[in-house]
Amino acid sequence: MKEHKLTIRELILLASVIFGMFFGAANLIFPVQLGQAAGNHWVPALIGFLVTGTIVPFLAMLAVSLTNSKSIYDLAAPVAPWFGLAVLIAVHFTLGPLAATPRSAATAFEMGIAPLLKKSDQPLAMLIFSAIYFIALYFSTLKQSRLIKLIGKYLNPLFLIFLAVILILAFVLPMGNVHHASQALYQSQPLLNGILDGYNTLDGLCLLGLTISIVYTTKNLGFHDKAIPKALAQAGLLSIILEAVLYAALVWLGVTSLGSIPLAENGGIAFGQIIGHYLGNLGILFTGILVVLAVFTTAMGLSASFGQDLHRAFPKIPYSVWLAVVTGGSFITANAGLTNIIKFTVPIVRLLYPLALVLIILGLFNHWIKQSPIIYRAGIILVVPEAILDFLIASPFHNLGFVQDATKFYYQFIPFAEQGFGWFVPAVIGITIGIIWQHSKGKLA
């Protein structure tokens with residue numbers, strides 16, 4: 001096993017694998033959607049988006065490295081083993097059959113195939129497309145050792161070439177300028193809304209969920225366990241920088257597109273219209289190739305991590321069975337359509353992200369906290385009520401009487417709650433109480 005530093009070749013390969021695993025459907029559609037909605041306030045909205053879309057995923061990778069976690073279970077287990085298992089299941093089913101993986105197929109279909117068909121023909125076409133997509137996904141991911149070769153060496157570079165062509169065309173022949181009216185949410189608080197929009201990429205959760213696949217990939221490169229954290233930090237930083245550059249370009253693309261096309265229902269439709277503007281019907285086919293490449297690499301990583309982590313948690317059930325669960329479940333969800341999947345995802349994200357962010361923060365300070373159960377429990381316990389309220393507010397249950405009463409109290413007494421960050425102050429208070437409590441026991445250095 002290697003003890004030396006990453007070579008340039010190894011650094012680029014590992015960064016390419018990491019990037020290819022988590023840069024998928026959402027990373028294409030949400031920046032474009034943000035640009036269209038933010039209009040002339042796109043710069044502060046972009047800055048907010050980069051916080052949760054790039055900085056949080058990188059910090060998640062560091063937290064995993066600093067705690068030597070092999071999966072999200074290890075990161076959450078200090079609270080309690082049952083909590084670690086619950087978080088692992090919740091995150092993987094969100095990234096798997098409930099949201100992120102089916103969203104990949106739905107995005108590919110809506111951007112690359114649906115525009116070529118009549119409305120009446122689209123449901124059957126989606127059924128056929130998604131069946132082929134998820135069968136291919138199952139067999140591509142069945143042998144885990146293929147991940148490095150398929151993602152790092154072939155699929156990801158090809159995707160980046162396709163995306164670069166589109167962006168170069170947009171910069172050379174822009175569709176318009178950046179002076180367009182903002183939607184209501186972005187007129188007063190573009191930065192905060194950009195942060196919340198970054199949640200929707202699921203990148204923070206993706207990095208936590210993809211931990212086992214990324215660690216497995218790094219080991220396959222020949223690195224010793226002790227060398228893995230530093231290798232992940234270096235390669236992760238490179239991949240995040242590339243993602244930030246692409247986000248900025250895609251947000252700008254969304255803003256300028258308003259000079260030629262109207263505000264779209266979602267970013268998938270907008271992105272397809274943008275490419276259609278430049279390349280016509282050929283562009284639609286081009287879009288299909290581009291998006292399938294982008295989303296398939298991410299779906300492979302998510303599916304492999306789903307199977308690996310759940311097999312580790314429930315060893316009597318083989319990896320191949322868990323892989324069938326995630327691909328089969330994703331096939332069912334994908335046929336609900338992209339817009340419905342996005343709507344369904346928002347409440348789940350508002351529930352899981354506060355818990356994930358607290359675990360990431362605690363992991364970053366592991367040198368001092370040493371995964372103290374007392375500190376972890378104190379931080380999580382005070383955040384759970386806010387996470388549940390954020391879930392209810394974003395869900396179809398928000399009009400129920402008891403939810404409205406709770407929301408009024410929440411917004412009135414919890415700082416930043418109305419802006420979507422009600423979890424922050426309780427987390428700080430809880431962690432502080434936990435540190436004081438742990439110090440009183442004399443167990444922190």
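The values are calculated or read from the model by the stated rules, or taken from the named source; none is laboratory data. Bear in mind the structure is a predicted one, so any value in this text is a computation, not a measurement. Virtual Cβ from ideal backbone geometry, glycine too; neighbours counted across all protein chains shown.
Could you list all residues from region 141-161 that are in contact with a helix residue (DSSP H, G or I) (Cβ under 7 Å, 6 or more places away or on another chain), at pLDDT below 80, surrounded by 17 or more Cβ atoms within 10 Å (Cβ to Cβ) and assigned to a helix (DSSP H, G or I)?
The answer is LEU147, ILE148, LEU150, ILE151, GLY152, LEU155, ASN156, PHE159.
Of all residues in region 60-118, how many are at pLDDT below 90, among the aliphatic types (A, V, I, L, M) and under 19 Å from LEU207 (Cβ atoms)?
Result for region 60-118: 10.
Any residue at all in region 92-105 that's free of Cβ contacts under 8 Å to residues at least 60 places away in the same chain and under 18 Å from VAL383 (Cβ atoms)?
No, the conditions are met nowhere in region 92-105.
Looking at region 299-321, can you tell me whether even one residue there is under 16 Å from the mean Cα position of the chain (by Cα), more than 13 Å from HIS92 (Cβ to Cβ) and assigned by TED's automatic domain parsing to the domain that holds PHE30?
yes
Of all the residues that make up region 412-435, how many are surrounded by 14 or more Cβ atoms within 10 Å (Cβ to Cβ), over 14 Å from VAL383 (Cβ atoms) and over 27 Å from the mean Cα position of the chain (by Cα)?
Going through region 412-435 one residue at a time, the tally reaches 1.
Does region 284-292 include one or more residues that are over 30 Å from VAL165 (Cβ atoms), of a type outside the set (Asp, Glu), in a helix (DSSP H, G or I) and outside the structural domain of PHE391 (by TED's automatic domain parsing)?
No, region 284-292 contains no residue that is over 30 Å from VAL165 (Cβ atoms), of a type outside the set (Asp, Glu), in a helix (DSSP H, G or I) and outside the structural domain of PHE391 (by TED's automatic domain parsing).
Looking at region 99-135, which of its residues are among the polar types (S, T, N, Q) and within 24 Å of the chain's Cα centre (by Cα)?
Across region 99-135, the qualifying residues are THR101, SER104, THR107, SER130.
Let's see how each residue does on (1) outside any helix (DSSP H, G or I); (2) within 24 Å of PRO57 (Cα to Cα); (3) in the same structural domain as LEU208 (by TED's automatic domain parsing):
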position: ASN340; (1), (2), (3): no, no, no
position: VAL349; (1), (2), (3): no, yes, no
position: LEU362; (1), (2), (3): no, yes, no
position: TRP368; (1), (2), (3): no, yes, no
position: GLN371; (1), (2), (3): yes, yes, no
position: VAL384; (1), (2), (3): no, yes, no
position: ASP405; (1), (2), (3): no, no, no
position: TYR411; (1), (2), (3): no, no, no
position: PHE421; (1), (2), (3): yes, yes, no
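Yes/no matrix, rows are residues, columns are (1) over 22 Å from ILE436 (Cα atoms); (2) out of contact with any Phe, Trp or Tyr (no Cβ under 7 Å at 6 or more places or on another chain); (3) of a type outside the set (Val, Ile, Thr):
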| site | (1), (2), (3) |
| --- | --- |
| LEU355 | no, yes, yes |
| ILE360 | no, yes, no |
| PRO373 | no, yes, yes |
| GLU386 | yes, no, yes |
| ASP390 | yes, yes, yes |
| SER395 | yes, yes, yes |
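Could you list, in sequence order, the residues of region 328-376 that are among the polar types (S, T, N, Q) and either closer than 18 Å to PRO396 by Cβ or surrounded by fewer than 20 Cβ atoms within 10 Å (Cβ to Cβ) (or both)?
THR333, ASN335, THR339, ASN340, THR345, ASN366, GLN371
Given PHE49, PHE22, which one is buried (at least 21 other Cβ atoms within 10 Å of the Cβ), at pLDDT below 80 and assigned by TED's automatic domain parsing to the domain that holds LEU158?
So the residue among PHE49, PHE22 that is buried (at least 21 other Cβ atoms within 10 Å of the Cβ), at pLDDT below 80 and assigned by TED's automatic domain parsing to the domain that holds LEU158 is PHE22.
Take region 166-207 and flag every residue that is surrounded by 15 or more Cβ atoms within 10 Å (Cβ to Cβ), among the hydrophobic types (A, V, I, L, M, F, W, C) and within 25 Å of TYR278 (Cβ to Cβ).
Within region 166-207, ILE166, LEU167, LEU169, ALA170, MET175, VAL178 qualify.
Might you check whether a residue that is of a type outside the set (Phe, Trp, Tyr) and farther than 30 Å from TYR376 by Cβ occurs anywhere in region 54-61?
No: region 54-61 contains no residue that is of a type outside the set (Phe, Trp, Tyr) and farther than 30 Å from TYR376 by Cβ.
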